[in-house]
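S.K.: Could you have a look at this structure, given as structure tokens, before my questions?
Throughout, read-outs are computed from the coordinates displayed, never taken from laboratory work. Worth saying up front: this structure is predicted, and the values here are computed from it rather than measured. Here the Cβ is made from the backbone with ideal geometry for all residues, glycine too, and neighbour counts use every protein chain on show.
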Amino acid sequence: MILICYVYRNPMFVRSAIVQANGSSFIDDNYRTSTTAYLRHRQISIIKCIEQHFAQFQGNINPLNLEPLQIIRYENNQEV
């Protein structure tokens, strides 16, 4: 709940993109209409805690080597 409140108080949501195998991305309103908030490493203490747990689960890797966490938001009638 803390993360959800945080991303709503800070304008972090952007349109969700479709990423292709070659790394390029694009937005397609007919396919993906959600929005995504990307959370920077150690942005707030709860993110740091989650990253540390994920890093331990992955075999005690450096938390900075994890991909950034993200929250995806769907409104009524939005497509996955």
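S.K.: For Rg and Dmax of the Cα atoms in Å, pick the label among (1) 13.0, 48; (2) 14.5, 41; (3) 11.6, 34 that corresponds to the value derived from the coordinates.
M.R.: (2)
S.K.: Extending each Cα 7 Å along its Cβ direction at residue 17 and residue 42, get the distance between those two points in nm, one decimal.
M.R.: Going from the residue 17 label point to the residue 42 one covers 2.6 nm.
S.K.: Taking H placed 1.01 Å from N in the peptide plane, check which residues at least 5 places from residue 69 or on another chain put their amide H under 5 Å from its amide H.
M.R.: Amide H neighbours of residue 69: 39.
S.K.: Go through 64-70, 11-17 and give me the packing order, highest mean Cβ count within 10 Å leading.
M.R.: For the peptides 64-70, 11-17, the packing ranking is 11-17, 64-70.
S.K.: Now for a separate question. Order of 49, 5 from fewest to most other C-beta atoms within 10 Å? Write down the numbers at each step before the final one.
M.R.: Numbers: 49 12, 5 9.
Ordered from fewest to most neighbouring Cβ atoms within 10 Å, 49, 5 come out as 5, 49.
S.K.: Quick one: compute the contact order of the chain, relative version, from alpha carbon pairs under 8 angstrom and 6+ residues apart, as a percent. Could the numbers behind the result be given before it?
M.R.: Values: 93 pairs, mean separation 25.0, N = 80.
Once divided by the residue count of the chain, the mean separation gives 31 percent.
S.K.: Just name one of 66, 36, 18: the one whose Cα is farthest towards the positive end of the charge dipole of the chain (beta-carbon charges, Lys/Arg +1, Asp/Glu -1).
M.R.: Going by the Cα projections, it comes out as 66.
S.K.: Compare 60, 22, 30 in a GNM of the chain, Cα atoms joined below 10 Å, and give the one with the largest fluctuation.
M.R.: Checking each option, the largest mean-square fluctuation is seen for 22.
S.K.: Okay, next question. Please get the size of the charge dipole for segment 2-73, origin at its Cα centre, with Cβ charges of +1 on Lys and Arg and -1 on Asp and Glu, quoted in debye to the nearest 20.
M.R.: Here the size comes out at about 240 debye.
S.K.: Sticking with this one: For n ≥ 4 DSSP H runs only, could you compute -39500 (n - 2.57) per run for the chain, divide by its residues and tell me the 222 nm figure to the nearest 500?
M.R.: Only helices count here, giving -8000 deg cm²/dmol.
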